[in-house]
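Below you'll find the structure, written out as structure tokens, and then a few comments.
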Amino acid sequence: MDVTAMTKKELMELIELNRDEPSSELLNEAASVRDKVYGRHIFVRGLIEFTNHCKNNCLYCGIRSANTKVHRYRLTKDEIMSCVKEGTSLGFSTFVLQGGEDLYYSDDVLADIIYSIKEYAPGCAVTLSVGERSYESYKRLKSAGADRYLLRHETASEDHYNMLHPSSMSFRNRIKCLYDLKNLGYQVGAGFMVGSPYQTSANLADDLLFLKELEPHMVGIGPFISQADTPFRGEPDGTLESTLTMLALVRLMLPRTLLPATTALGTIDSHGREKGFDAGANVVMPNLSPSDRRKDYALYDNKLCTGAESAEKINDLKTIIENAGYIMDMGRGDSLVNSEQ
Ligand code: 5AD
């Protein structure tokens, strides 16, 4: 099936047909497209959740500013460097610095951290995931050595965006940030939650069409999972099946993109990651944060942070990947979007 040529209406039909039970035809086609581009390699990134302070108040997110129950933390540069050192000794060569939108980490502070990581591990890739910033800020961080940037668009429909976010946040600025990042030469990751409140199949079709236009190097997709201290407590979680359907459709829409089997997918199903690989995913991001902080980075309830989700258990992850018929790859795993290879 040629998903890339489909209209919004056709995409909606395909989504509705597969939402409760992705067809094996869809999953197999997505996996075989992934195999053709990337082979059976699953790329591993070390995730460092370095601050859970956030100035934003997204309705779905457990670290939203209005949540007074969160125990807030910030890692110092030394603590971040210890994570990087541990990761390097475990064999990691890409580090993702992820945090809430925390003004404490000014451009100077972040640039110094990025520079030091690059100095310590010159061949590694540094990925930032610290939300919306100005063009100048993104430029500064790029010249400090950042290679990649993850900023989920969350939903490509402005009206749906406004149902998930407070009025102080703007859909247009988020989209502008993604294009700024691309123009500055970052490898860019966009993405969205599946099954977020009020989401329709038309919204999901718009997500696919938006991704086709943006052509990001990576796409992060996971199920929405409700968090008890947010306005969306009690809302139903996204399902495994609908998430697998969207993973497969994104793989078919963007054959060369990198597609993580996310922590949220591993959280809603004990074999979520492997099922994600079989739907076309090819990245995992185990947690390298200090273990006593992990429980505080609670974006949603029951978020996994132990076992194969933790970097120090990389051998357990390797076993899972190999038993599922894949090869664990700890290289930089650069995206093949816009490459001639
Ligand atoms: N369920 C699933 N994913 C969530 N995120 C935030 N809150 C939740 C939730 N309740 C995702 C958002 C964000 C990423 C870091 O985590 O998509 O971009």
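The values are calculated or read from the model by the stated rules, or taken from the named source; none is laboratory data. None of these values were measured; they are calculated from a predicted model. Here the Cβ is made from the backbone with ideal geometry for all residues, glycine too, and neighbour counts use every protein chain on show. Accessible surface areas use protein heavy atoms only, side chains included; no ligands, DNA or RNA. Shrake-Rupley method; radii C 1.70, N 1.55, O 1.52, S 1.80 Å.
Scanning region 140-161 for residues that are more than 17 Å from A205 (Cβ to Cβ), within 16 Å of the ligand (Cβ to nearest atom) and not charged (D, E, K, R) yields Y149, L150, L151. Considered as a group, the residues in region 144-168 that are without any contact (Cβ under 8 Å) to a residue 12 or more places away in the chain and not charged (D, E, K, R) include one that is least open to solvent (accessible area, probe 1.4 Å), and that residue is N162. Can you say whether S270 is among the hydroxyl-bearing types (S, T, Y) and open to solvent by 30 Å² or more (accessible area, probe 1.4 Å), as far as the supplied structure shows? When the stated conditions are applied, S270 passes them. For beta carbons closer than 6 Å, sequence separation of 6+ or different chains, a first residue in region 31-55 that is in a strand (DSSP E or B) and a second that is among the basic types (K, R) and surrounded by fewer than 23 Cβ atoms within 10 Å (Cβ to Cβ), the qualifying pairs are T51/R74.
Of the residues making up region 295-317, those that are of a type outside the set (A, V, I, L, M, F, W, C) and crowded, with 18+ Cβ neighbours inside 10 Å number 5.
Considering the conditions (1) within 15 Å of the ligand (Cβ to nearest atom); (2) under 15 Å from R19 (Cβ atoms); (3) not aromatic (F, W, Y), G220 is excluded by exactly one of them, (2). Checking each residue in region 62-101 for being acidic (D, E) and either loosely packed, with under 15 Cβ neighbours inside 10 Å or within 16 Å of the ligand (Cβ to nearest atom) (or both) picks out D78, E101. Over 24 Å from A190 (Cβ atoms) and out of contact with any Lys or Arg (no Cβ under 6 Å at 6 or more places or on another chain): does that describe E309? No; evaluated as a whole, the condition is false for this residue.
Residues in region 31-53 that are open to solvent by 40 Å² or more (accessible area, probe 1.4 Å) and closer than 24 Å to T88 by Cβ: H41 alone. Those helices (runs of 4 or more DSSP H) of region 227-305 in which 1 or more residues are among the aromatic types (F, W, Y) occupy 272-277.
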